[in-house]
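J.: Take a look at this one; I'll ask things after.
The values are calculated or read from the model by the stated rules, or taken from the named source; none is laboratory data. Predicted model, so just to flag it, every value in this text is computed and none were measured. We place every Cβ from the backbone using ideal geometry, glycine too, and count neighbours over all the protein chains shown. The accessibility values were calculated without ligands, DNA or RNA, using every heavy atom of the protein model including side chains. Shrake-Rupley method; radii C 1.70, N 1.55, O 1.52, S 1.80 Å.
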Amino acid sequence: MSDPVIQIRGLRKMYGPHTALDGVDLDIGTGGIGILGPNGSGKSTLFKCILGLIRITEGGGTVLGKDIVTMGPQIRSSIGYMAEYDSLDPGLTAVDHVRYAGELLGMRPDQATQRAHEVLQYVGLEDQRYRTIDSFSTGMRQATKLACAIVHDPQILFCDEPTNGLDSSARQFMLDTLRRTISDGGGTVIMTSHVMEDIQGVCERVVMLSGGKIVLEGRIDELARQITREIEISVWGGATKLEEWLLTRGHRVRRMGRIMRVEMNGDETISAILLGASETNAQVRVLKEYEPDLEDIFLLIMQRLGKEAKGASAIIGGRE
Ligand SMILES: Nc1ncnc2c1ncn2[C@@H]1O[C@H](COP(=O)(O)OP(=O)(O)O)[C@@H](O)[C@H]1O
Ligand SMILES: [Mg+2]
């Protein structure tokens with residue numbers, strides 16, 4: 001990793017008797033990083049601790065070299081924060097809101113005005129910028145929050161559940177915008193989500209939280225390489241016979257209707273599938289190497305940790 005822009009050591013946060021973060025150590029460099037975890041796992045609390053918005057119980061760290069315990073205000077003026085909940089004033093127009101956010105961050109009024117127009121165009125609100133927030137859809141409000149967070153062109157952008165409540169086109173647009181921010185900006189975007197696909201679509205690294213602890217961390221492609229390779233086939237007739245044929249010969253098969261994934265043991269696996277298909281008259285329509293996704297990685301790691309995981313959704317939780 002390049003020099004970390006964020007370093008966290010032994011971070012612990014209690015709300016009364018309740019432990020929300022339980023000894024978190026984390027180094028974050030430049031690029032896109034996803035903080036993934038079920039509701040209540042501590043994602044928002046982690047952001048608030050890093051930004052100096054709440055009092056830390058134990059441990060500490062730095063953001064861009066500034067101490068998170070004592071330098072909260074200095075940290076907040078050099079980063080962007082898109083909070084989980086709506087903090088917008090319904091009576092203001094989008095452009096006034098973003099300009100105001102810029103002025104609060106110390107920008108000169110003329111500079112803040114110019115940037116407000118630029119960033120509203122960037123988040124897709126060019127045509128709606130003179131409308132008041134109370135006439136906005138959830139997607140437009142989220143986009144306004146993002147515009148407020150990037151008005152001062154921060155080096156690090158924190159987005160807490162940026163896709164929450166969005167329909168699929170607004171969600172796609174938000175994810176595209178975040179992706180663009182990472183590729184164009186050369187800075188760091190840290191986003192939380194309880195939805196794996198959102199993280200996978202934007203970030204190259206992931207940190208998984210569960211019960212206030214980090215259970216998994218790393219580059220998504222490197223984590224994927226640790227997973228056993230599989231051949232995926234799509235079978236139209238005789239899938240059950242082919243499945244039995246493979247199982248009797250000691251192959252490991254995961255079946256999902258017409259789709260089967262067979263654990264890869266070198267090229268023999270492909271020969272075995274083709275032989276099995278011809279002996280059982282099964283019609284194999286598609287045969288390819290399966291690309292594991294974040295959910296597969298998560299299930300594997302949970303198995304290694306010795307936890308029962310029926311499906312990632314049981315732990316990560318579904319869409320709200
Ligand atoms: N202000 C608070 N007072 C008491 N408990 C809280 C407070 N904020 C969060 N918690 C608790 O801390 C845990 C972590 O919450 P949070 O950081 O919001 O998780 P996430 O963002 O992953 O959903 C949860 O059990 C939550 O109920
Ligand atoms: Mg949260």
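J.: Leu46 fails exactly one of the following numbered conditions: (1) at pLDDT 95 or above; (2) over 25 Å from Ala147 (Cα atoms). What is the number of that condition?
T.: Against the list (1) at pLDDT 95 or above; (2) over 25 Å from Ala147 (Cα atoms), Leu46 comes up short only on (2).
J.: Name the single residue, out of those in the range 236-275 being more than 36 Å from the chain's Cα centre (by Cα) and of a type in the set (Asp, Glu), that is most open to solvent (accessible area, probe 1.4 Å).
T.: Glu268
J.: Taking the options Gly61, Gly40, Gly65, name whichever one is within 27 Å of the chain's Cα centre (by Cα) and open to solvent by less than 50 Å² (accessible area, probe 1.4 Å).
T.: Going through Gly61, Gly40, Gly65 in turn, just one is within 27 Å of the chain's Cα centre (by Cα) and open to solvent by less than 50 Å² (accessible area, probe 1.4 Å): Gly61.
J.: Follow-up question, since we're still on this one. Any residue in the range 19-26 that is within 11 Å of ligand 1 (Cβ to nearest atom), more than 19 Å from the chain's Cα centre (by Cα) and hydroxyl-bearing (Ser, Thr, Tyr)?
T.: Yes: the range 19-26 contains one or more residues that are within 11 Å of ligand 1 (Cβ to nearest atom), more than 19 Å from the chain's Cα centre (by Cα) and hydroxyl-bearing (Ser, Thr, Tyr).
J.: Can I ask one more? Filter the range 161-212 for residues that are crowded, with 20+ Cβ neighbours inside 10 Å and acidic (Asp, Glu); which is farthest from ligand 1 (Cβ to nearest atom)?
T.: Only one residue fits best here, namely Asp198.
J.: Now for a different question. Take the range 211-231 and flag every residue that is over 15 Å from the mean Cα position of the chain (by Cα) and acidic (Asp, Glu).
T.: Listed by number, the residues that qualify are Glu222, Glu230.
J.: Evaluate the range 83-91: report whether one residue or more is away from ligand 1 (no atom under 16 Å from the Cβ), touching a helix residue (DSSP H, G or I) at 6+ places or on another chain (Cβ under 6 Å) and assigned to a loop (DSSP other than H, G, I, E, B).
T.: Yes, the range 83-91 has at least one match.
J.: Do any strands (runs of 3 or more DSSP E) entirely within the range 1-51 hold 1 or more residues that are aromatic (Phe, Trp, Tyr), and if so, which? Quick ask: steps written out before the conclusion?
T.: Details: elements: 6-15, 18-28, 31-36.
Counting at least 1 such residues, we get 6-15.
J.: Could you list, in sequence order, the residues of the range 60-82 that are within 16 Å of ligand 1 (Cβ to nearest atom) and in contact with a Lys or Arg (Cβ under 9 Å, 6 or more places away or on another chain)?
T.: Met82
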